[in-house]
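The values are calculated or read from the model by the stated rules, or taken from the named source; none is laboratory data. Every value quoted in this text rests on a predicted model; they were computed, and no experiment measured them. No Cβ is skipped: glycine too gets one built from the backbone with ideal geometry, and neighbour counts run over all protein chains shown. All accessible areas refer to the heavy atoms of the entire protein, side chains included, with ligands and DNA or RNA removed. Shrake-Rupley method; radii C 1.70, N 1.55, O 1.52, S 1.80 Å.
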Amino acid sequence: MDGVLETPAPRLDVDQVRRLLLTHWGVEAGALHPLPSERDLNVLVDDRYVLKVSNPAERADLVDMEDVSLAHVRRVAPDLPVPRLVEATTGPVVSVRDSATRECLARLITVVPGTPLEGTPLTLDLAEQVGATAARTSLALQGLFHPAADRVLDWDVRRAPDVLAAPGVLAGLGEQGQVLQPWLGRLAAAAATTRALPSGLQHADVTLTNVLATDGAVTGL
């Protein structure tokens, strides 16, 4: 992940955010509310937009891959409830410096309706909707290529044997680690076999935190 989980998130005060929005997007912001993020700075702007300021350690090509993927999904599957990237006066991405003078990439996206499903009782109907949304998103991304897609991710299931075999990982899992130990060889063989199969981009983080719903219906991803 190139250090994004170890690098502190960007810091901008309210005045900096207002100037950024006005200078680059011509948006005179009213209400500003910070949104949770494990590595970036996300700010809700007047319930209309979300200002996304990427972690200083984030690669520019990965940010571009996100933008290209979003535009592709909106083009081939316009009925999917995903946000729209708002162009700034200089393009889709703006380079800014946070309060610690670290260079970061900033984007503005539209708000999709709903509230995160995290913490909400998950009915069978909602679970089916989440699964269907994930499947439709994967289908929408078929055929899309981006040079940054070859990045190495620990979340890639094909890397499971390498991740689990790293020093201390299985020991840290306690009894679960002991159960997994005999399976490492089979996992490695399966991963080697899949290298010859077609692969492509997908949204592999369709979790309850990243899915929005209103009145029992999925309304945003």
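List of remarks:
- Percent carbon-and-sulfur accessible area, the chain, ignoring ligands, DNA and RNA, probe 1.4 Å: 57 percent
- Kirkwood-based Rg to Rh ratio, the stretch 1-146, C-alpha trace: 0.98
- Sequence of ASP162, ASP61 from largest to smallest accessible area, 1.4 Å probe: ASP162, ASP61
- Under a model in which nothing but the beta-carbon of Lys, Arg (+1) and Asp, Glu (-1) is charged, the chain shows a dipole of about 420 debye around its Cα centre.
- In the context of the full set of protein chains, the chain has a per residue accessible area of 60 Å² (1.4 Å probe).
- Here the Karplus relation 6.51 cos²θ - 1.76 cosθ + 1.60, evaluated at θ = phi - 60°, turns the backbone of the stretch 139-148 into coupling constants of 5, 5, 7, 4, x, 8, 10, 8, x, 7 Hz, with x for every Gly and Pro.
- Given charges at beta-carbon only (K, R positive; D, E negative), |dipole| of the stretch 1-62 in Debye: 120 debye
- For the chain, the 222 nm mean residue ellipticity estimated from helices alone, with every DSSP H stretch of n ≥ 4 adding -39500 (n - 2.57) and the total spread over all residues, rounds to -10000 deg cm²/dmol.
- Cβ-based charge dipole, the stretch 1-137, positive-most Cα from ALA88, LEU108, VAL73: ALA88
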